[in-house]
Each structure stands twice: as structure tokens, then as C-alpha cells.
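What follows is calculated from the coordinates using simple rules that are stated; it is not laboratory data. All figures in this text were calculated on a predicted structure; none of them were measured in a lab. No Cβ is skipped: glycine too gets one built from the backbone with ideal geometry, and neighbour counts run over all protein chains shown.
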Amino acid sequence: MPAISSRRFFYVQVVVVTLAAGLMLVPLLWVLILSLKDSAALMSDTASAFSPPYTLENYANIIGGQQVSTWLLNSTIVSLAMTAGVLLLSSLAGYGFSRLEFPGRDALFVIVLLGLAIPEQAVIIGRHQLFSAISMHNSYTALVVPGLSMPFGVFLMTQYFRAIPLEIDEAARLDGASRFRIFWRILLPLTIPAQATLGIFTFFQAWNDYWWPLVSATNHDMLTLTVGIASTQVNFAQAEGLGFLMAQAVFAGAPMLLIYVIFQKYIVRAVAGAAGK
Amino acid sequence: MAGVEMACVSKRFGDVLVIDKVSLEVQAGEFIVFLGPSGCGKSTLLRMIAGLETVDDGTIHIGEQRVDTLPPGKRDVAMVFQHYALYPHMTIKENLAFGLKNRRVPASEISARVEAAASSLEIGDFLERRPGQLSGGQRQRAAIARAIVKQPSLFLFDEPLSNLDAALRARTRIELAQLHQQLGTTMIFVTHDQVEAMTLADRIVVLHDHRIEQIGTPMEIYRRPATKFVASFVGTPKINIVELTAAKNGAMTTAALPDGTALETCIPWNASFAETGTTLGLRPEAIRVVAQGEGTAAGRAKVVERLGERTLIYAELSDGTMLTTEDRGDSQVRPDDMIGLSIDSSNAVIFTNEGRAHHGTQVSN
């Protein structure tokens, strides 16, 4: 009897999860379908989305348009640079906080953690003024540098380094390895799962970031994809160019989808809060 | 192969003194075991020799070279850790070669040394595996092989057998003894397991309360403990320590047990024996079980432990004093039986109230 009831419970779970997943897929499918329709046809009758003809014209227009490819390139550069920078700085900081002894270390770590509690909104005016004062707006540096200070990354890497037994470092010291060689050849490779988690999160965050690029990049050639696509929305009712807009949304989201498929294991682990295990 | 000399070495962690002016000389080729309870400072002392802990006071020489100011990698020592400390992301081969690469040993020699060490420790089949793919015993062998390939002048072992099961521990112990005979290199081994200490050591250094309590061969430590602590720490089952009324008997001492049994000893009389707190130490094997009415004393068997080759009987004297005694493996004694006890006092030890041991003039080993 218990076996039957547990199997029944399993089927109920599958049905519920499938329904929930389907529900979440509906808006995505809606966007995808609209992106495959001619904008003019949608303007006359939105219900025409459910019937052929379907077209890839909107996508052809995106690829053909210079602006979108520029924004795509900007987003890629900014996201990759920010990811690389965050991984480098967080790893070094994590190593420092977990392995080095220096005056004020613990106080400094607390200050870094306090950064987790400060929302971007609280500092964005000051940040804008700072970059304005040094004439750095409308540059990759301006888009990348603020994102490099990621308290979450420092925290994650510190915890991960702390979980590596000190005996490993000691064995390497006895093996005659320098401090840098221990970091580079022994400890850093052991943190790859955490690096993957942090890297994916950072890339997602950088790719999807909207507010700071909106403030900092006013030159159309320096827009990132998110801001660029938003800037093409000329009418709030979306009566015109709906298909093209949806194609842009799909185009902007596709890299994320690809990354998710490739790194699904790490993302699930990170979301489950098990990155340190 | 090199000796080790520690002169007045001290170490503090903050306000806590963990090594208190320890001096020790280890001969080249010797197998020395640091033995002591948890927290006595034995691992810290080993780590100071390795260079993993700084030395606050005193000096350490390995061979002719003063090493306490050198980094660990420059001391020509190899260490085997309690938890193996193999590099998890490297294969066993890479683990073994890592230290040699750091020393810029030619690749051909690295390969030859790795092969030789792997074959002597029978891990040749696992060289391409990662540590996580090996059992505990195989990992420990790999850790020992990593130490061997460096051909150091001194091996340090920090409780390397404590994570192994009993059977594997016994086997690895024998292999370590063979390894020492084969290499002839100086080895320092830290353990809290007295069986490991007794079976492996040329000399045992017993540590207690952050200082050396006694240095001696295993049998010296067992037969002629310098203090009450050493006597009670070494030996399984534990030595019997009972209150004593001492009396002068010519130049020697007669010891009366709490139940009135008088034992003539060959321990020279000392006036301090008359002070309260003086105790008598008797190893369980010195108290044999005999038939009721025979022997030196009488008691009642309270607990009988059959170990196979011998039987331990926990006997109660008439005044309630408990003594651990030994009988043959096929002992017929059962709990609550009245038994006779034949006490051989030739190896008895008298401890003053400060814990100092006094031994007989003739001791049979």
C-alpha cells in the first residue's frame, strides 16, 4: 500500500510541475510566436499570431541593422569583461580573506559584506557624478568598472577557499611551491565549481543590467542590448512594430538561453545554495 | 639522512604556551615517536620542525643546518599528513611529481623516482587516477609515496594511520617499519596511539602539558616510566595505581596495599615515601590469578574480559580497591568468584606525591 500511494504522489507531483512549467512557458512562447509574425499583420489583428504565414523577416531586419549588432557587441564585451574582472578580483580577495593574516582583515571582510546590503539605487547618483567628473561616461570602462565590486563574489570565494583544508596548502609549501604557485596551481583549480557559479551569475547580471547602462551610456553606439532595445520602443501602446520588438527580445535573450543550457548543472547548484559543497 | 637537534624550543599561540622550552636530539637514521594525549603539543612540535609553525624561542637544526628560519620547502623534509593532503584535482602521478617539478628535477629523473616509489608502495596501477577515486588506504600509500620521491633527509608523520581501519592500520604500521629499515632515513612520527609508538619507535618521546615528560626506548618507557603520567598513559590495560603505606625494610621498601597486603620491593627507601599521596604502580601482568587461598592477596572477580590469548580480570580487594589482573586465555574464573592474587613486585614502581617514579634496583625485562 505505501508503495502505491508514494507512486501516486509521484504522478501528482509530475502533473503539477508540468502544469507550472507550461504556465511559465506561455509568455515566452507568446513572444516567440509574435516575433515570427509580420508587424503590419499584427497591427490589424493580434489574433493572426495563431495562424500562418510565419516569417523570419524580423530577425533578418535585426541582423541587417547595424545598431543591434553594435549593441550586441557592446553587451558581449561588457559582460565578458565584467565576468573576467569579478572572477579575478573575487578569487584574489577570497584567497586573501581566507588564507592571509593582516591587520584589520576581519573588519574589512565585514565592510565587504555590508556591501551586500547597499542597493544600487542608493549609490547611483554619486557614481554618476563621479564618472561625470572624470569624463568617463560613454565608455566600456564606465560600463564595466562599477560591476567589478561584487561583495557576493568575494563572500562566495572566501567561503569556498575556507572550505579547502589548510593541509593542502601546507603540503604544497613542503613541496617547495611559492605562495603564488600554491594559489595558481593548487587552490584556484579547486575553486572551479564556485568560479563557474559566480561567472554565470555575473554574466547574467551584466547582460541583463539596464539601469547603469541607461544612466552612463547616452551615446547610441555605446548602448548595451537591453538599453538599445528599449530605446527602439517609440510608442507605449506597441501598436507598431510589435513583431520586430519581440524578435529583438528573443535575440537578446537567446545568448542567456544558450548559456543556461550549457551550464545548467552549475546554475541549478548555485540556485539550490549548494555551491560551497 | 640527518639528525635533528632542538634546543630550548618554545611556541605560543597568543597567550597560550603550547611548547615550553623543549630540547631534544634525534640521531641520524632514528625512528622517533612523539607520544602524548590530545593537546599536549606533539603535532605543534612536529610542525615546527617542518616549518609550518614559527619558532618563538630556541633553535632547530637538521643535520648541520639551522632550519628554524628557513621556509618549509627549503628544509629537505617530507611530511605525511593525517588527512593525506593529496591535491584532489591532480592525478597521483602529478601529486608525486609536483614537489620535484618545483625543485626543477629533470623530467626523466622525476619519472624514474615516481615509478620506483609507486612500485615499492604498490600503487603503480593507480598513477593516472585522482585521489577521490582511491580508497583511504590507497590514498595514504600515495601520500607516503609523495614523501618518498623527494628523497628527503627527514620524514615527518602526523598521525598518518588514524584515519585507517584497524586491520589496515596494523598492516600500514608494519610497512612503515619496513620502509624505515629499507631507507634508513630519520623519521619522526606523531601519534596518541601507544601501540603505534611501542611497535615503531627506536625511542619514544612522551609529551605532556607542553613539555617532554620522558625520552626512552619503548621498553624503558614501559618498564621504567619516569612519572606517574607516563606510567598511566603507556600500557593497555592501564597500570594499577593504588594507595600505599610504605615502610623501611633495611635499605629497601616494603609497600602495604590498602587491604593490608605487604609487598617487599627492591626499591631503595626514600624518606619522601612516608608522605601522603605516595602510590604504588603495578602492571596487570605482574598480578596473576591463582586459586583461592593461594598467592599474596585475595580478591573477588568483578568483571571478566576474555581477549583470547589472555583474560583480564578486574578484582576487588577486601577494602574495595580495584586491581586489573591477568589470567590465561582459558581462565575458568567467573564474575563474583573469590580468587587468589600472586603479585610480582620486582617491577613495581613507587610514585611520590609529586608524581616522580622510583624503580627497583633490579628490574627484569
Which is farthest toward the positive dipole end of the protein assembly as shown among B:GLY99, A:MET24, B:LEU200, measuring Cα position about the Cα centre, with Cβ charges +1 (Lys, Arg) and -1 (Asp, Glu)?
A:MET24
Diffusion coefficient, µm² s⁻¹, Stokes-Einstein with Kirkwood Rh over alpha-carbon pairs of the protein assembly as shown at 20 °C and 1.002 mPa s
68
Computed for the protein assembly as shown: size of charge dipole around the Cα centre, +1 on C-beta of each Lys and Arg, -1 on C-beta of each Asp and Glu, debye to nearest 20, value 1120
Ellipsoid semi-axes in whole angstrom, largest first, where each is sqrt(5λ) of the Cα gyration tensor of region A:75-126
24, 19, 7
Taking a temperature of 4 °C and a viscosity of 1.567 mPa s, what whole-number D in µm²/s does Stokes-Einstein yield for region B:226-343 with Rh from Kirkwood over alpha carbon pairs?
87
For region A:16-139, take N as its residue count and report Rg(C-alpha) divided by 2.2 N^0.38 Å.
1.73
Can you list residues from other chains, or at least 5 along the same chain, whose modelled amide H is less than 5 Å from the amide H of B:PHE31?
B:MET187, B:ASP202, B:ARG203
Within chain A, what is the longest stretch that has no chymotrypsin sites (Phe, Trp or Tyr not before Pro) placed in a DSSP loop and near at most 13 other beta-carbon atoms within 10 Å?
A:55-209
Would you kindly derive the ³J(HN,Hα) couplings of region A:202-207 from the backbone phi angles with the Karplus curve 6.51 cos²θ - 1.76 cosθ + 1.60 (θ = phi - 60°), listing them in order in whole Hz, with x for Gly and Pro?
5, 4, 4, 4, 5, 5
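In nm, what is the difference between 0.36 nm times the number of residues separating A:GLN159 and A:ALA254 and their Cα-Cα distance?
Result: 31.0 nm gained on full extension.
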Region A:143-204-region B:274-315 distance, computed between alpha-carbon centres (Å):
60
HN-Hα couplings for region B:89-106 via Karplus (6.51, -1.76, 1.60; θ = phi - 60°), in whole Hz with x for Gly/Pro, come out as 8, 9, 6, 4, 4, 5, 4, 5, 7, 4, x, 6, 5, 4, 8, 6, 6, x
Are there any GluC sites (Glu not before Pro) in region B:106-214 that are in a DSSP loop and have at most 15 other Cβ atoms within 10 Å? List them by number.
B:GLU122, B:GLU128
Please report, to two decimal places, log10 I(q)/I(0) for chain B at q = 0.06 Å⁻¹ as given by the Debye formula with identical point scatterers on the Cα atoms and no solvent.
-0.30
Between the helical axis of B:166-183 and the dominant principal axis of chain B, each derived from Cα atoms, what acute angle in degrees is found, rounded to the nearest 10?
70
Give the lysines whose C-alpha is closer than 18 Å to that of B:LYS11, dropping any in the same chain fewer than 8 places away, or say none.
B:LYS21, B:LYS42
On each of the three principal axes the extent of the alpha-carbon atoms of region B:103-246, given in whole Å and largest first, is 71, 29, 25
Among B:LEU176, A:ILE262, B:ALA255, whose Cα projects farthest towards the positive end of the dipole of the protein assembly as shown, with charges put on the beta-carbon of Lys, Arg (+1) and Asp, Glu (-1)?
A:ILE262
If the cut-off is 16 Å between C-alpha atoms, which lysines fall inside it for B:LYS150, apart from same-chain ones fewer than 8 positions away?
B:LYS74, B:LYS93, B:LYS101
Ranked highest first by average number of other Cβ atoms within 10 Å, how do B:317-329, B:136-148 line up?
B:136-148, B:317-329
Using only the alpha-carbon atoms, how far is helix B:136-149 inclined from the longest principal axis of chain B? Give it as 0 to 90 degrees, nearest 10.
60
Calculate one ³J(HN,Hα) per residue across region B:260-274 by plugging θ = phi - 60° into the Karplus curve 6.51 cos²θ - 1.76 cosθ + 1.60, and present them in order as whole Hz with x for glycine and proline.
x, 4, 9, 10, 7, 10, 9, 8, x, 5, 9, 4, 5, 5, 6
With only Lys, Arg, Asp and Glu charged, each at its Cβ (+1 for the first two, -1 for the last two), find how big the charge dipole of chain B is about the Cα centre; round to the nearest 20 debye.
1160
In which sequence would A:ILE182, A:ILE262, A:ILE124 go, from the one with the fewest C-beta neighbours within 10 Å to the one with the most?
A:ILE262, A:ILE124, A:ILE182
Could you work out the Kirkwood radius for region B:53-99, taking every pair of different alpha carbons, averaging 1/r and inverting it, reported in Å?
13.0
Using the Kirkwood radius over Cα pairs of region B:20-147, the Stokes-Einstein translational diffusion coefficient at 10 °C and 1.306 mPa s, in µm²/s and rounded to a whole number, is 97
Per residue Cα convex hull volume in Å³ - calculated over chain A:
206
Hey, with R₀ at 35 Å, roughly what FRET efficiency would B:ALA107 and A:TYR140 work out to, going by the Cβ-Cβ distance, to 0.05?
0.20
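Two-decimal Rg/Rh of region A:154-244 from alpha-carbon positions, Kirkwood Rh?
1.31
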Per-pair calculated FRET efficiency, R0 = 30 Å: A:LEU73 and A:SER178 via Cβ, rounded to 0.05:
0.15
